[in-house]
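I have placed the structure first, in the form of structure tokens, so that the comments after it can refer back to it.
What follows is calculated from the coordinates using simple rules that are stated; it is not laboratory data. Predicted model, so just to flag it, every value in this text is computed and none were measured. Ideal geometry is used to build each Cβ from the backbone, glycine not excepted, and the neighbour counts take in all protein chains shown.
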Amino acid sequence: MSAPLQIGLVLFPKVTQLDFTGPLQVFSSIPGAKVHLIWKRIEPVASDSVMMLTPTVSFADCPQLDVICVPGGLGTDDMINDEEMLAFLRQQAEGAQYVTSVCTGSLVLGAAGLLRGYRAATHWTAMDFLSAFGAIPTKTRVCIDRNRITGGGVTAGIDFALTLVSQLVDRKTAEAIQLRIEYNPAPPFNAGSPDTAPAEVLAFMKERIAPGQARRGEMIARAAARLA
């Protein structure tokens, strides 16, 4: 009997819960898989919404994973300069079959030095920051480059997870999980991408996020300098 797949999703303060709860639902449907929620300590972690999250294992006690996944959120701005987080990711990446992320989680992989020379996806607001870590920004919902699989923003996490299941197990299993969760999106508006959103909506969002973008740029510069 083969050992069960070990899949880990990293938590951190101000993580976007949908970045990992979508993949979590998919991964939890893989027969026999063991899924872990990982943080430095076993203590509640505040997401970027009202939801509090409970890790299932600490960094120190985490087994070697087949899949390590970093979700995104505002908290990634702090995680890209968090040596404990970056060291954990580097350690796990050495033995992992797949090193993955959703949304701005790719910036954390980049800060750990794990995307240098790899194509990678991220949230549209973070695309310009990936190259600071030697990654090749790739505008797509799911980006596969060797054993690095990265998802675009937030909801792309479900696409990412189903794609990964097709690689880990097979397409039939992935499609069965898609059917089980009735993942059959038909959004009410065509505003889910900067390429299709109305100009006034895009302008509104860019103005709204400008202060955060400036802070992120400063944190990225620090992380890139430390990595170099």
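Strands (runs of 3 or more DSSP E) wholly in segment 92-153 with at least 1 residues that are of a type in the set (A, V, I, L, M), out of contact with any Lys or Arg (no Cβ under 8 Å at 6 or more places or on another chain) and without any contact (Cβ under 8 Å) to a residue 24 or more places away in the chain - which ones?
Where strands (runs of 3 or more DSSP E) fall fully within segment 92-153 and carry at least 1 residues being of a type in the set (A, V, I, L, M), out of contact with any Lys or Arg (no Cβ under 8 Å at 6 or more places or on another chain) and without any contact (Cβ under 8 Å) to a residue 24 or more places away in the chain, they are 142-145.
With the requirement that a residue be more than 21 Å from D159 (Cβ to Cβ) and either of a type outside the set (F, W, Y) or part of a strand (DSSP E or B) (or both), what does segment 12-30 give you?
Those that are more than 21 Å from D159 (Cβ to Cβ) and either of a type outside the set (F, W, Y) or part of a strand (DSSP E or B) (or both): P13, K14.
Only one of (1) over 22 Å from T138 (Cα atoms); (2) crowded, with 24+ Cβ neighbours inside 10 Å; (3) among the aromatic types (F, W, Y) is not met by F59, so which one is it?
(2)
Looking only at segment 163-195, filter to residues that are surrounded by fewer than 11 Cβ atoms within 10 Å (Cβ to Cβ) and of a type in the set (S, T, N, Q); which one of those is nearest to A3 (Cα to Cα)?
Restricting to residues being surrounded by fewer than 11 Cβ atoms within 10 Å (Cβ to Cβ) and of a type in the set (S, T, N, Q), the top hit is N184.
Can you tell me how many residues within segment 39-60 are free of Cβ contacts under 8 Å to residues at least 12 places away in the same chain and of a type in the set (A, V, I, L, M)?
Result for segment 39-60: 3.
Looking at I68, I38, I30, I42, can you tell me which residue is surrounded by fewer than 19 Cβ atoms within 10 Å (Cβ to Cβ) and in contact with a strand residue (DSSP E or B) (Cβ under 8 Å, 6 or more places away or on another chain)?
Answer to the selection: I42.
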